[in-house]
1. If you take the residues of the range 41-61 that are in a helix (DSSP H, G or I) and under 10 Å from the mean Cα position of the chain (by Cα), which of them is surrounded by the fewest Cβ atoms within 10 Å (Cβ to Cβ)?
2. Against the conditions (1) surrounded by fewer than 16 Cβ atoms within 10 Å (Cβ to Cβ); (2) part of a helix (DSSP H, G or I), where does D37 fall short? Just the number, please.
3. Take the range 9-53 and flag every residue that is among the aliphatic types (A, V, I, L, M) and modelled with pLDDT under 85.
4. State the number of residues belonging to the range 1-34 that are open to solvent by less than 70 Å² (accessible area, probe 1.4 Å), among the aliphatic types (A, V, I, L, M) and closer than 13 Å to A64 by Cβ.
Amino acid sequence: TRVTSIKALADQHASNVLPVILEIRKAGGASLHQIADALNARGITTPRGGHWYASSVRNVLERA
């Protein structure tokens, strides 16, 4: 179904961006907001091509 494919794409994107999020955390970006800012500064987009927010970072971490 469409929902299944959307979830699969989100899972795939989360697994791709998770190492970057963990790297940012190690470098001192502890808050979700700081991680979102760092992802945006690196030009990394969300699965739908948008900007990162604390909630979208939290969603990726929850998928992990």
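The values are calculated or read from the model by the stated rules, or taken from the named source; none is laboratory data. Computed from a predicted structure; not experimentally measured. Counting neighbours? That spans all protein chains shown, and the Cβs are built from the backbone with ideal geometry, glycine included. These accessible areas exclude ligands, DNA and RNA; they are computed on the full protein's heavy atoms, side chains included. Shrake-Rupley method; radii C 1.70, N 1.55, O 1.52, S 1.80 Å.
1. Here is the first cut: in the range 41-61, the residues in a helix (DSSP H, G or I) are 41, 54-61.
Those still in the list that are under 10 Å from the mean Cα position of the chain (by Cα) too: 54-61.
Working: A54: 14, S55: 10, S56: 19, V57: 24, R58: 13, N59: 15, V60: 24, L61: 15.
If we take residues in the range 41-61 being in a helix (DSSP H, G or I) and under 10 Å from the mean Cα position of the chain (by Cα), then S55 is surrounded by the fewest Cβ atoms within 10 Å (Cβ to Cβ).
2. Just one mismatch for D37, condition (1).
3. Passing the criteria: L9, A10, A14, A30.
4. Matching residues across the range 1-34 total 6.
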